[in-house]
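Report on the structure given below.
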Amino acid sequence: MSSTRKNSKNPLFESRLILLGNKKCTFRHTFRWNSTSPSPEITRRRRFWSVESSASKEFMLKYLRLRFFWKLTSPLEDDLLFNCPEFIEDVEFEVLLLLVANTKFTRSDIALRSEKALSAIGRKSNFSFRLLNQWDNNIKLRAEEKDFPITRHKAFSGWVRNSSSVGTKSRGNFKAPEGISEEFSEVKFDEFKFLYTLISVGSYEANTGTIIKLS
């Protein structure tokens, strides 16, 4: 569910809210990343996404990528996702999106071929349509676009421009987003090329001369 509402502290800003998943799940993780929505210069405020999830960021993004691949996301969800730096950082996801753009395969065909390709190296696909119900029943997500005032620096006599002269630059209470684990970190070949070739062509020849084919 997506919605918008007025912000009492800033009448010029409409807060945007996203609610997904099973309402019975409990929030266990919180995340934050910047929003690219434009802010009127007159407000001197910056926008960001505040996200609560019952799952870790890694698993939350797997769920959101799955929804996006199957075209189940709203325009508001798309804004949330493409503002997140790690959203696109997934090899299988990148390959599948490229195949959607560059081939005549349907999304169902691509997902099925991806399952077979990954099975050839003992892995499971994160983009099977049947996974949606499992995710919907086991995850809860709340994302709200918020804004906060940009603090003005007070001018003073003898202002020093050298950063080393004004002490350590603090990042405040903001904690950098968690990184996404590498799905193929132990595989000793170009995983992007492997998946794209095997899914699109139906076979892949490794450097050793071994030929892998879709079953």
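Bear in mind these aren't lab numbers, they're just calculated from the coordinates by the rules spelled out. All of these numbers come straight from a predicted model, not from anything done at the bench. Reconstructed Cβ throughout: ideal geometry from the backbone, glycine too, with neighbour counts over all protein chains shown.
Some observations on this one:
- Karplus-derived 3J(HN,Hα), 6.51/-1.76/1.60, for each residue of segment 46-53, Hz, glycine and proline x: 10, 9, 8, 9, 10, 10, 10, 8
- Karplus-derived HN-Hα couplings along segment 18-33 (A = 6.51, B = -1.76, C = 1.60, θ = phi - 60°), whole Hz, x at Gly and Pro: 10, 10, 9, x, 8, 4, 7, 5, 9, 5, 10, 9, 10, 9, 8, 8
- Net charge of neighbours whose Cβ lies under 10 Å from the Cβ of residue 83, counting Lys and Arg as +1 and Asp and Glu as -1: -2
- Positive minus negative residues near residue 26 (Lys, Arg vs Asp, Glu; Cβ under 11 Å): +3
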